[in-house]
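Here is the structure we will look at.
The values are calculated or read from the model by the stated rules, or taken from the named source; none is laboratory data. None of the values given here were measured: they were computed from a predicted structure. Here the Cβ positions follow ideal geometry from the backbone for every residue, glycine too, while neighbour counts run over all protein chains shown. Note: areas computed on protein heavy atoms with side chains; ligands, DNA, RNA excluded. Shrake-Rupley method; radii C 1.70, N 1.55, O 1.52, S 1.80 Å.
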Amino acid sequence: MKTYADFHRHSLNDRDAFWAEQAKRIDWHTPPQQVCDTSRPPFARWFVGGTTNLCHNAVDRHAAARPDDAALIWVSTEVGREIVYSFAQLHEEVQTMAAMLQAQGVGEGDRVLIYMPMIPEAAFAMLACARIGAIHSVVFGGFASVSLASRIDDAAPKLIVSADAGSRGGKVVPYKPLLDEAITLAAHKPERVLMVDRGLAPFTPVAGRDLDYAALRAQHAGAQVPVVWLESNRISYTLYTSGTTGKPKGVQRDVGGYAVALATSMDYVFGGKAGETYFSTSDIGWVVGHSYIVYGPLIAGMATLMYEGLPINPDAAIWWSLVEKYKVTVMFSAPTAVRVLKKHDPALLKRHDLSSLRALFLAGEPLDEPTGRWIAEALGVPIIDNYWQTETGWPLLTVAHHIPGVAPVPTRFGSPGVPMYGYDVQLLDEQTGEPLTEANQKGVLTIAHPLPPGCLQTVWGDDERFVRTYWSSVPGKQVYSTFDWGLRDEDGYTFILGRTDDVINVAGHRLGTREIEECISSHSAIAEVAVVGVADQLKGQVALAFVVLRDPAQASPALEAEVLKHVDGQLGAVARPARVHFVSLLPKTRSGKLLRRALQAVAEGRDPGDLTTLDDPTALAQVKTLLGHRSA
Ligand code: ATP
Ligand code: MG
């Protein structure tokens, strides 16, 4: 058996041979002439000259081989419906949608903005775009008009696909008024809006602009739309980052590199097999939804379960009931969702037969050890933390347990794992830009040029921003900065200590907010915690902790003192927060990420900036009131 370290080294040293082999996992109409073109760093072009198509690889080839196997399983606890589409049916729906788009003049390179709830038509629209070479730009359904308008202007779509409404916890969220308002605000006006009418929120179509999906579907039923073969480096889609640290960046992705990267990860990382069911609880508005609800599982020939609803409705066992019913083998979720479940009766996890499930993958935010242990014990399957970004498109750090002939790297709590094949990950000293050679030194997580297949090509419409934002942190070096701060232990496991923006400098000591959070969250009374650094006249910066208790009634000065003592004992007095504030919820983005920059701004009495991605404004209001009372 080879060690994983050897395998990883091989992927870098014999880069072209490695990826040429992986490229065989997908169908090419014409084979690539060059594996990787690095002639114009920091840009990289993968599988140059090869032509392929994402939709063909996700749908057509399986529809031909196994037409009756399940492809898309849609479950909505919001409207109480379940539909299973076979590959043959998915093939048909996607072609019908592609025909509709073509009839509206949408073709190769045209942008289609998708503003949709989690319904099958959203996946049809993405795949239909991929089929005809149109570039999709999915915007998280329910985003406010202003956020949507700026994305409409950036993508300049010819057509928008939308629906009358989404639904959250049984409450209808009308999308159409938000969309109409956004189009009014935007400078760019799309020619057409294709509306899926779910019958949830009545609306009046705009004459000459809005089209009815059901009517067009009937008109184009049975249409045969051949796939458009695209050179590997054509654009498949653009997608915005979550906006946790500032203004979202428009990530642009290719066709061939993405297909190969996903196909490889579906095998090596997820161990998913054709004919099985994959369940990702994310949303198509996020990168996890693109890679591991729509494209990845389908490319691997798996059925993908698309779920519209909350994890706790009708009760906190809903996901597990779906695992049982559809024999899910691989599941993907986020720590924030697990923390929600943790607040409910653990017995709910035992109510269902989960024997089909082989692993649960979690990503998006640091997985704190108590949460990791809780879900590991409750499920009895490996919990696999994986670290990546919208930019990378697939995991950068994790443990790949399914590489033939390679000894699996054991998981280690607190660390997402080790660099994945293809990623030349370097931990650099923030000041000097030099690689850190010793274990347990803290630095910036970077990737050397070229980024592996599947990663962003550039920032949409702004090559200059791509270079300036990601590749300029170490002058004279071609390194991509993740803007995350981490350390590597003696065994090569990487730990993420927070965003570089969130590093605190207390009296000359550099501390990641994540280090302090991890320590505080190990206290048994605590459900969730956010730590931010705020300016301090004496020390430069001090840490402030905002804590959600398992039992809010326990909040007391004594508990605050206890938490502070806990930090003293584990990390030392430099890391001790100036205060521990008890709150009932923390400010998060719509994708469940902590909005530390907003917390920090409020704590320092500054304007919190762009809050369009903030999920629940009451979280910030609470902090404002709390700090206001204190200074009064
Ligand atoms: P923006 O770039 O607009 O500020 P964002 O970085 O939150 O937003 P995403 O691409 O959705 O946008 O998130 C990627 C980031 O999420 C990573 O850079 C990292 O900070 C964090 N992250 C993702 N997975 C993990 C993980 N497993 N452990 C720790 N952090 C993670
Ligand atoms: Mg980011």
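Brief remarks follow.
- Inter-label distance for ALA274 and VAL146, nm, one decimal - labels placed 7 Å from Cα along Cα-to-Cβ: 5.0
- Residue list for region 592-632, given a label point 7 angstrom along the Cα-to-Cβ vector of ASP536 and an amide N cut-off under 19 Å: 597, 599-606, 627-628, 630-631
- For region 163-200, the list of trypsin sites (Lys or Arg not before Pro) that fall in a loop by DSSP and count at most 16 other C-beta atoms within 10 angstrom is empty.
- Taking 17 Å as the straight-line reach from the Cα of LYS327, the lysines in range (excluding those fewer than 8 positions away in the same chain) are LYS273, LYS350.
- Cα-based shape type of region 506-620, given that a ≥ b ≥ c are square roots of the gyration tensor eigenvalues and the cut on a/c is 1.5: oblate
- Helix-only arithmetic for the chain: the sum of -39500 (n - 2.57) across DSSP H runs with n ≥ 4, divided by the residue total, places the mean residue ellipticity at 222 nm at -8500 deg cm²/dmol.
- Projecting the Cα atoms of PRO248, ALA259, TRP229 onto the dipole axis of region 208-269, where Lys and Arg carry +1 and Asp and Glu carry -1 at the beta carbon, places PRO248 farthest toward the positive end.
- 3J(HN,Hα) from dihedral phi, region 319-336, Karplus parametrisation 6.51/-1.76/1.60, rounded to Hz, x for glycine, proline: 4, 6, 5, 6, 4, 5, 5, 9, 6, 5, 9, 10, 10, 9, 8, 10, x, 4
- Of the solvent-accessible surface of region 452-581, computed with a 1.4 Å probe over protein heavy atoms with every protein chain present, carbon and sulfur atoms account for 51 percent.
- Gain upon complete extension [VAL340, GLN33; 0.36 nm per residue less C-alpha separation]: 105.6 nm
- Remark: region 417-498 carries 38 Å² of accessible area per residue (probe radius 1.4 Å; ligands, DNA and RNA excluded).
- Region 442-484 and region 592-632 have Cα centres spaced 30 Å apart.
- For region 64-154, the per residue solvent-accessible surface stands at 27 Å², with DNA, RNA and ligands left out and a 1.4 Å probe.
- LYS565-GLU604 FRET efficiency (beta carbon distance; Förster radius 25 Å; 0.05 resolution): 0.45
- Peptides 138-151, 76-89 ranked from most to least packed give 138-151, 76-89, packing being the mean of other C-beta atoms within 10 angstrom over each peptide's residues.
- Heavy-atom accessible area per residue - region 269-386, 1.4 Å, Å²: 30
- Karplus-derived 3J(HN,Hα), 6.51/-1.76/1.60, for each residue of region 364-379, Hz, glycine and proline x: x, 7, x, 9, 6, 4, x, 5, x, 5, 4, 6, 5, 5, 5, 8
- Trypsin sites (Lys or Arg not before Pro) lying in DSSP loop within region 340-403, provided at most 15 other Cβ fall within 10 Å: LYS343, ARG351
- Largest accessible area first, the residues HIS29, HIS91 order themselves as HIS29, HIS91 under a 1.4 Å probe with ligands, DNA and RNA left out.
- Electrostatic dipole magnitude of region 558-632 [Cβ: Lys, Arg +1; Asp, Glu -1; Cα centre; debye, to 20]: 80
- On region 113-176, 56 percent of the accessible area sits on carbon and sulfur atoms, based on a 1.4 Å probe.
- Estimated inter-spin distance, ASP68 and GLU369, nm [label 7 Å along Cα→Cβ]: 5.2
- Rounded to the nearest whole angstrom, the semi-axes of the ellipsoid equivalent to the chain, taken from the Cα gyration tensor as √(5λ), stand at 37, 29, 25, largest first.
- Euclidean distance between Cα centres, region 5-73 to region 329-358, Å: 33
- Per-peptide average of other Cβ atoms within 10 Å, ordering 553-561, 444-452 highest first: 444-452, 553-561
- Expressed per residue, the C-alpha convex hull volume of region 113-268 stands at 154 Å³.
- By accessible area, using a 1.4 Å probe on protein heavy atoms only, region 1-108 has 48% of its surface on carbon and sulfur.
- Contact order relative to length of region 305-398, as percent, for alpha carbon pairs under 8 angstrom and 6 or more apart: 25
- Using R0 = 56 Å, the C-beta based FRET efficiency linking ALA558 and SER356 works out to 0.75.
- Two-site FRET efficiency, TRP229 against HIS509, from Cβ-Cβ distance with R₀ of 51 Å, rounded to 0.05: 0.35
- Span from the region 257-301 Cα centroid across to the region 504-575 one, whole angstrom: 37
- J(HN,Hα) series, region 50-59, from Karplus relation 6.51 cos²θ - 1.76 cosθ + 1.60, nearest Hz, glycine and proline x: x, 10, 7, 7, 4, 5, 4, 6, 7, 10
- DSSP bridge orientation in the chain - percent antiparallel, rounded to nearest 5: 55
- Debye intensity ratio in log₁₀ form over the Cα atoms of region 24-98, taken at each q of 0.21, 0.22, 0.27 Å⁻¹: -0.91, -0.95, -1.15
- Accessible surface comparison of HIS344, HIS56, HIS136, probe 1.4 Å, protein chains only, largest first: the order is HIS344, HIS56, HIS136.
- For the set LYS249/LYS593; LYS247/LYS588; LYS565/LYS624; LYS176/LYS247, the pairs lying more than 18 angstrom apart at their alpha carbons are LYS565/LYS624; LYS176/LYS247.
- Under the simplified labelling scheme, the THR469-ALA525 pair shows an inter-label distance of 4.2 nm, with each label point 7 Å from Cα along Cα→Cβ.
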